[in-house]
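Each remark here refers to the structure printed beneath this line.
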Amino acid sequence: MLKVTKAVFPVAGLGTRFLPATKASPKEMLPIVDKPLIQYAVEEAIAAGITEMIFVTGRSKRAIEDHFDKSYEIEAELEARGKEALLEVVRGIKPANVDCFYVRQPVALGLGHAVLCAEKLVGDNPFAVILADDLLHSKEPVMKQLVEVFNHYHSSVIGVERIAREESSSYGVIEGREWEEDVIKLSNIVEKPQPALAPSNLGVVGRYVLMPSIFSHLRNIKPSAGGELQLTDAVASLLSVEQVLAYRYYGTRFDCGSKLGYLKATVQLALQHPEVREGFEQYLRECMPALMPELLREATEMPETV
Ligand code: G1P
């Protein structure tokens, strides 16, 4: 049986939307409360049974490699001070059964190009693609949901959600026929269409399970939206020869590639964080009493932490 054991994390982007924070450190290392975005993404992959993490990285991204590597200094210090709980947190970042691989994307030619850079490490296997900017919060980790759909149909699966029509120029947008509840058989996919040209209100989120056959399509695509080599165009080409599915996932998405989405994620996850929840809630009550019922309702409606 085809098993998804590899995930590709394209992390070479410059993160200009978060300057000056991202001048010398990767945007994927921005924390939501106390955990960097990339760690949320890797934990989601681990929860889906994935054990090989492939990072498509670039210059000034060393901190990501260090994060998933052993830190002798910190471990020795925590051990000496008897800080067992923190030691466990640090050691747990990369479980022993998980391997990390790094490949460079020398020039930023787009998401399609980034995924193509991972071809040799992925080989002839189905694989996941996770964009760490999209923080997906769900009781059942979203990549696990996608892998389950993949295991059932053995074809590529793309995570989608309902978007407002006027937002379509920020997403890949799909067209297709409902196959079963929340599973759609794709007939078309376009990258960042103008609202009037969007084929539906279903936008692609940063979660994919792809067949290795995608690579031959990635090798043949031409620059399109934004002058970049788009993964969306390779998927459009793939679906002319084999079945591709979209899956409407369960969960809440925070677009942490934008400042607003990042702030929303911080507020909502802080309201669930065991260490700061109480104090933060109290602080919010004090400064914005009128908003509190609404905020708390959102936090309790959110699925539990992955
Ligand atoms: C990428 C994809 C796009 C997708 C989006 C989800 O775009 O190209 O199809 O909808 O991620 O976050 P980006 O946001 O990197 O421009």
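Every number here is computed from the coordinates shown, using simple stated rules; none is lab data. Everything numeric here is computed off the predicted structure, so don't read it as measured data. Don't worry about glycine lacking a Cβ; one is built from the backbone with ideal geometry, like all the others, and counts go over all protein chains shown.
Brief remarks on what is shown
- Expressed per residue, the C-alpha convex hull volume of the chain stands at 148 Å³.
- Burial ordering of Cys287, Cys117, fewest other beta-carbon atoms within 10 Å first: Cys287, Cys117
- Placed amide H near Ile32: partners under 5 Å, 5+ positions off or other chain: Leu37
- Considering only Met53, Met211, Met292, the Gaussian network model of the chain with Cα springs below 10 Å gives its largest mean-square fluctuation to Met292.
- Counted by neighbouring Cβ atoms within 10 Å, the residues Glu43, Glu73 run from fewest to most as Glu73, Glu43.
- Length gained on full extension, Arg62 to Ala225: 55.8 nm, using 0.36 nm per residue less the C-alpha separation.
- Whole-angstrom Cα spans of the range 169-306 along principal axes, big to small: 57, 35, 31
- Using θ = phi - 60° and Karplus 6.51 cos²θ - 1.76 cosθ + 1.60, couplings along the range 207-218 (whole Hz; Gly, Pro as x): 9, 9, 10, 10, 6, x, 4, 4, 5, 5, 6, 4
- Volume of the Cα convex hull of the range 45-183, divided per residue and given in Å³: 169
- Long hydrophobic helices in the chain: none of the complete DSSP H runs spans 20 Å or more by Cα along its own axis with mean Kyte-Doolittle hydropathy of at least 0.5.
- Label-reachable residues, the range 48-77, where backbone N falls under 16 Å from a point 7 Å from Ala24's Cα toward its Cβ: 60-64
- Per-residue Cβ neighbour rank within 10 angstrom, fewest leading, Asp66, Asp124: Asp124, Asp66
- When +1 charges are put on Lys and Arg Cβ atoms and -1 charges on Asp and Glu Cβ atoms, the dipole computed for the chain relative to its Cα centre reaches about 840 debye.
- 5 Å-binned pair-distance histogram of the range 34-116 (Cα, whole percent): 3, 12, 21, 21, 19, 12, 6, 3, 2, 0
- Relative contact order (%) - criterion: Cα under 8 Å, at least six apart; region: the range 88-202: 17
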